[in-house]
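Rule-based calculations on the coordinates, nothing more; no lab input. The model shown is predicted, which means the values in this text are computed figures rather than measured ones. Neighbour counts are summed over all protein chains in view; Cβ atoms, including those assigned to glycine, are modelled from backbone coordinates with ideal geometry.
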Amino acid sequence: MRVLLVHPSPLLFSEIYLRLEPLGLELVAAALQQAGHEVRLIDLQASSPDHYRDSVRTWRPDALGFSLNYLANVPEVIDLAIEAKEELPDCHVMVGGHSASFVAAELLAHARGAIDCVVRGEGEGVAPTVLEAFAGSANLDTIPGVVTANGEGPPPALIANLNRLHPARGLLSQRKRYFIGELDPCASIEFTRGCPWDCVFCSAWTFYGRSYRMLTPEAAAEDLASIAEPNVFIVDDVAFIRGEHGMAIADEIDRRKVRKRYYLETRADVLLRNREVFQRWVKLGLRYMFLGIEAMDEEGLKLHRKRVHQGQNDQALALARELGIVTAVNIIADPDWDERRFEIVRQWAISVPEIVNLTINTPYPGTEIWLTESRNFTSRDYRLFDVQHAVLPTKMPLRRFYEEFVRTQEVLSRKHLGLQALWDVAGIAFSLLARGQTNFIRMLWKFNKIYSPERLYADHQRPVRYEMSLPRTTAGTMTSAERSQLYIHHPGTAHGEAHP
Ligand code: B12
Ligand code: SF4
């Protein structure tokens, strides 16, 4: 079959700081190629919608597959599916990805026949069977994880072997457009999958059933060695939870003499526990790290169930500085923040050398706070669920909240964007320009164009065509049965570790 795989457009956040390749979709593509299909991939983060429309019209795929990791992309994907079905009524449409897995039934309802099925959970294992069903030689309703208008088939199953496939990176023509900060251009890689913790605002653990699986060090290093870009973003939720795994990959990389620069995300306690692993990776080229600090006090950390103490966060930042890793941290802004809370964050952020980023507390489907807080939503417009908009009632008037939020982001960004930053990194900027890489340079000026309280506020006034459904729970409560319903892959079905 001719299969066109599509990743939707970037969200507000990505318009400024980064743009990264759709690794999940590349794995699905690799599985479909292996099954003998002709596959094309369009990433609307890096290509124009016209390019997509031309491909539908001229290449006339037999099947379309949309990746829907981000809830805010739901309306776009529904509209693209409807448009494609109008152009090609016989084309089969499947949707998969993180968010699609949590809202499968309502996606099908909104699309009114334009989406044939939603694949819940990991996609590379079942996607070839879904295409067999599209071709008439298998039954769509009996494939694990597949949801159709007829209902849900057997529960999704985790794939048995993460080492078998390498992402089909070669399918993306616009590879030069992927970057994160000055790591420009930048590819992505996965060493492990899943997270054994259970923070209340996060759905990484409910998606993978609190499992944690690792690629073999050989497979990880082999994939890395095949990457052409000089910079690599490691997509693992929490990098190097198992110190010996991080060391073993480092050995394999050394053996292959691979030299790259890396960005990864991890937790304070993991960094403190595995100091020598991170030290080794600094020697290998680790430059940037993201630490999910989330809250600045014990009470906040407890509310998020982060299972880390403030003291550990402080120690981890000190260690990262000592190791020479440039660290970005995230703080979750609660809609009930007032001017004073924003001011405290601004003061703290200016006083530390780290890159500080703010996101707004957002109950996503699949998280625990989705069950306990979603009854209070002020909007059910999927597009506002991007952690840059407030979807819960704000203590300050909404416009005032956005003024404080943007002012804080601006103060934080001024440390790293704009003229001062260009001066600080002039050498890097010139060498990137000399190589024709302009993503980083453009980023330095983008903030004021993209972020404004008016834009964020106006986004709430747009007509809403697709509204998100609410969970069937009583406000503020959650039974253990409801909590267990959050899982896509249930803990019992997961191979690998289930507890930190
Ligand atoms: C890496 C990552 C990023 C990267 C890049 C992601 C990219 N280009 O796709 C960066 C840093 C840019 C990023 C940014 C953001 N992210 Co992010 N990100 C992740 C992370 C950690 C891993 C994603 C990944 O690559 N996994 C590895 C691949 C192999 O898995 P996968 O993509 O899920 O694909 C598999 C399945 O989903 C499925 N599948 C996927 N597509 C398809 C398509 C078909 C047809 C089929 C059949 C199957 C299928 O099969 C694949 C193989 O098994 C996830 C957490 C997680 N564990 O999922 C958060 C996550 C997806 N991000 C999240 C958020 C909130 C954001 C931001 C909004 C954060 C912000 N501060 O603003 C931004 C918005 C980005 C944007 N779209 O513009 C949330 C999503 C919440 C939601 N429900 O919408 C997540 C779940 C994190 C969390 N803890 O809550 N992110
Ligand atoms: S540690 Fe990170 S990935 Fe794991 S549950 Fe918490 S926020 Fe999610």
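Worth pointing out:
- Percent of alpha-carbon pairs separated by more than 19 Å within region 1-70: 34 percent
- Look at the alpha carbon pairs under 8 Å that are at least 6 residues apart: their mean separation over the length of the chain gives a relative contact order of 16 percent.
- Counting only DSSP beta bridges with both residues in region 2-152, the antiparallel share comes to about 20 percent.
- Gain on full stretching of the segment that runs from S226 to H51 - 0.36 nm per residue minus C-alpha separation: 60.2 nm
- Ordering of 77-90, 198-211, 32-45 by burial proxy (mean other Cβ atoms within 10 Å per residue, highest first): 198-211, 32-45, 77-90
- Net length gained if the chain between E87 and W59 were fully extended (0.36 nm per residue, minus Cα distance): 8.9 nm
- Translational D in µm²/s for region 1-128 (Stokes-Einstein at 37 °C, 0.692 mPa s, Kirkwood Rh from C-alpha pairs): 227 µm²/s
- Beta bridges per DSSP with both ends in the chain, % antiparallel, nearest 5: 20 percent
- Spatial offset of region 248-274 relative to region 126-202 amounts to 24 Å, using the alpha carbon center of each.
- Charge dipole magnitude, Cβ of K and R +1, D and E -1 - region 85-235, Cα centre, debye nearest 20: 180 debye
- Summed residue charge, Cβ within 10 Å of R400's Cβ, Lys/Arg positive, Asp/Glu negative: -2
- Global size of the chain as Cα Rg and Dmax, reported in angstrom: 22.1, 63
- At an R0 of 22 angstrom, the distance between the Cβ atoms of E467 and A149 translates into a FRET efficiency of 0.70.
- Taking the Cα centre of region 2-152 as reference, the dipole from Cβ charges on Lys and Arg (+1) and Asp and Glu (-1) amounts to some 60 debye.
- Packing-based ranking, highest mean first, of 364-374, 241-251 given that Cβ atoms within 10 Å are counted: 364-374, 241-251
- All other residues whose Cβ lies under 15 angstrom from that of L303 are scored, Lys and Arg at +1 and Asp and Glu at -1, for a net of -4.
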